[in-house]
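Take a look at the following structure, please.
The values are calculated or read from the model by the stated rules, or taken from the named source; none is laboratory data. Values in this document were obtained by computation on a predicted structure and should not be read as measured data. Virtual Cβ from ideal backbone geometry, glycine too; neighbours counted across all protein chains shown. To get the accessible areas, we keep the full protein, side chains included, count just its heavy atoms, and leave off ligands, DNA and RNA. Shrake-Rupley method; radii C 1.70, N 1.55, O 1.52, S 1.80 Å.
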Amino acid sequence: MNERLVDFESANRQISRLRERMQSIVVGQPAVVEHVLCALLANGHALVEGVPGLGKTLLVRALAACFGGEFKRIQFTPDLMPADISGHVYWEASESRFRIRPGPVFAHLLLADEINRAPAKTQAALLEVMQERQVTLDGQRHPVPNPFMVLATQNPIEHEGTYPLPEAELDRFLIKIQIDYPTLEDELALTRDLTASRSEDLQGLPSDLEFLTPGDAVALQRLCASLLIDDQVVAHAVRLVRATREHPAFKRGAGTRACLALVRVAKAHALLRGSDFVLPDDVRSMALPVLRHRVALTAELEVDGVGIDVALEEVIAGVEAPRR
């Protein structure tokens, strides 16, 4: 048995364990958990959108509880300043020199809670660190820990006191995850289990979840990046992205970064299903979360109430997958 196979089997055990633990906390959202894990394996960032009370923050806390790295949370508010995110330089009088006070971005997992409640100037503080994994303070570059992942949440229905994310920042997110209401059975089980607890913290997490170290996460990301993908599958991902630029439903299609994201996330999806090579179905399965925040509907369709996912599903259906 070669070394790669041993590593691959070990990775599959770790991933299965991580998925099981997260699904035991985030009840009734298996696809959401899978998409978050895809972002982690692909070494990217995730934007999580859903109405209040569906467990967006709990989802991120569940991942952090399973992960032995440093976890920080920023509650975005209208008065939040860029220095509150990235850090700042200050004068240390006792030492007669300037010192760096690092911000919360210096962590392995960063929760940007309700990111659209801060103005664009503050949101822009994440642009450099999300793309380059570093922060520039006083002209000096300071790398953030490896791995580094931003998980941001936002509420799609509340617009009072919110600021839309600029396109440049949206494009930094590898995927956009939408959390929907759970099924009746899952909601019954969730309500029964949580209300049976006498604890005042109904979202308290077990203390024995942690098992994945930062080194483990980096190893999984490297394995994910090394998965085999045929040129025809890569071409299929590119055709899907290009189709959004040609479809009349969109006034703006996805850019080239979407091609890279789709291939990366397709590799992660293949690894999650226990395979060491990527199929066209992996690409098509992840097309919605990769593309939905990178396109814009025409004004006519927006007035008619057509959803972006509906339009994207039509695009995906119109692009033929390569035959094996």
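Under the condition of being charged (D, E, K, R) and in a helix (DSSP H, G or I), which residue from region 265-293 is surrounded by the fewest Cβ atoms within 10 Å (Cβ to Cβ)?
So the first thing to find is which residues in region 265-293 are charged (D, E, K, R), and the list is 267, 273, 276, 281-282, 284, 292.
This time we only want the ones that are in a helix (DSSP H, G or I), so: 267, 281-282, 284.
Working: Lys267: 28, Asp281: 14, Asp282: 27, Arg284: 19.
Filtering region 265-293 for residues that are charged (D, E, K, R) and in a helix (DSSP H, G or I), the one surrounded by the fewest Cβ atoms within 10 Å (Cβ to Cβ) comes out as Asp281.
Of all residues in region 214-252, how many are out of contact with any Lys or Arg (no Cβ under 8 Å at 6 or more places or on another chain) and either in a loop (DSSP other than H, G, I, E, B) or among the small types (Gly, Ala, Ser) (or both)?
11
How many residues are surrounded by 20 or more Cβ atoms within 10 Å (Cβ to Cβ), touching a Lys or Arg at 6+ places or on another chain (Cβ under 9 Å), part of a helix (DSSP H, G or I) and among the polar types (S, T, N, Q) if we restrict to region 36-87?
So the answer is 0.
For residues that are touching a Phe, Trp or Tyr at 6+ places or on another chain (Cβ under 8 Å), part of a helix (DSSP H, G or I) and either open to solvent by 10 Å² or more (accessible area, probe 1.4 Å) or over 27 Å from Thr57 (Cβ atoms) (or both), tally how many sit in region 88-135.
Of the residues in that region, 3 qualify.
Counting only residues that are outside any loop (DSSP other than H, G, I, E, B) and open to solvent by 30 Å² or more (accessible area, probe 1.4 Å), which one in region 308-324 is nearest to Asp281 (Cα to Cα)?
The initial filter retains those residues of region 308-324 that are outside any loop (DSSP other than H, G, I, E, B), namely 308-318.
Imposing the further condition that a residue be open to solvent by 30 Å² or more (accessible area, probe 1.4 Å) reduces the set to 308-310, 313-314, 317-318.
Details: Ile308: 21, Asp309: 17, Val310: 19, Glu313: 14, Glu314: 16, Ala317: 12, Gly318: 14 Å.
Looking at residues that are outside any loop (DSSP other than H, G, I, E, B) and open to solvent by 30 Å² or more (accessible area, probe 1.4 Å), I get Ala317.
Please pick out the residue among Tyr181, Tyr163 that is aromatic (Phe, Trp, Tyr) and loosely packed, with under 14 Cβ neighbours inside 10 Å. Give the derivation first.
Working: Tyr163 fails: loosely packed, with under 14 Cβ neighbours inside 10 Å.
Tyr181 is the lone residue from the list that is aromatic (Phe, Trp, Tyr) and loosely packed, with under 14 Cβ neighbours inside 10 Å.
Still on this structure, I have one more. Looking at Leu205, Leu212, Leu301, Leu262, can you tell me which residue is open to solvent by less than 30 Å² (accessible area, probe 1.4 Å), touching a helix residue (DSSP H, G or I) at 6+ places or on another chain (Cβ under 8 Å) and at pLDDT below 95?
Leu212
Let me ask something additional. Quick check on Val48: is it in contact with a strand residue (DSSP E or B) (Cβ under 6 Å, 6 or more places away or on another chain), modelled with pLDDT of 90 or more and of a type in the set (Val, Ile, Thr)?
Working: in contact with a strand residue (DSSP E or B) (Cβ under 6 Å, 6 or more places away or on another chain): yes; modelled with pLDDT of 90 or more: yes; of a type in the set (Val, Ile, Thr): yes.
Yes; evaluated as a whole, the condition is true for this residue.
Return the pair list, or none, for Cβ contacts closer than 8 Å from residues in region 29-49 that are under 10 Å from Leu174 (Cα atoms) to residues that are among the aromatic types (Phe, Trp, Tyr) and surrounded by 22 or more Cβ atoms within 10 Å (Cβ to Cβ), at least 6 apart or on different chains.
Sorted first by the residue in region 29-49, then by its partner, the pairs are Gly44/Phe173; His45/Phe173; Ala46/Phe173; Leu47/Phe173.
Answer yes or no as to whether Glu95 is among the charged types (D, E, K, R) and under 29 Å from Leu184 (Cβ atoms). Spell out the reasoning first.
Details: among the charged types (D, E, K, R): yes; under 29 Å from Leu184 (Cβ atoms): no.
Answer is no for this residue.
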